[in-house]
Amino acid sequence: MRAAKHEKGVPLMESSGPTRVLVVAHKTAATQPLLDAVRARAKRGAATFTLLVPNPAHGLHKVIDAEDQGAGEAQGVLDAALPRLSEAAGSNVEGIVGDPDPSAAVQDAINLRGFDEIIISTLSPRVSRWLKLDLPSKVSGMGLPVTTVTPADE
């Protein structure tokens, strides 16, 4: 698989510590294109990485109460992906479960923890709900540089 990458945005300010990178993924959290992107970003300079997995709402919960979701599915994604991402990053990667709405989850993470740049990993453009929702553009509107990683269509 090849990774298709798209970068937007300009860093708001330079910091003296390592760059704080928020990685947003769900079904692609442990895929080779994302691992390659994290590895490449780690080689560019000092960085810390946090994996954000939006907790998906299913079935009637989408209608009744999307906020009332257990974190089981998202936690399973974190458990599977964090060791592989940590290896790619060359250091421990932290994991957090976010709001079912990926845009809200990113905004919450930025507000609560502060990040310097974002990597969004999605399914291929043919099937990605996040790309159909224009998540990369919405997130780049938050003022941080965004890299979008998708698997190449075969």
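Data for the structure
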read-out	value
Amide H contacts under 5 Å for Val24, placed H, 5+ residues apart	Leu52, Ile119, Ile120, Ser121
Sequence of Leu35, Leu123, Leu52 once ranked by neighbouring C-beta atoms within 10 Å, starting from the fewest	Leu123, Leu35, Leu52
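Quick note: the coordinates plus some simple rules give every number you see, no bench work behind them. Computed from a prediction, not measured in an experiment: that's the story for all the values here. All Cβ positions, glycine included, derive from the backbone under ideal geometry; neighbour counts span all protein chains shown.
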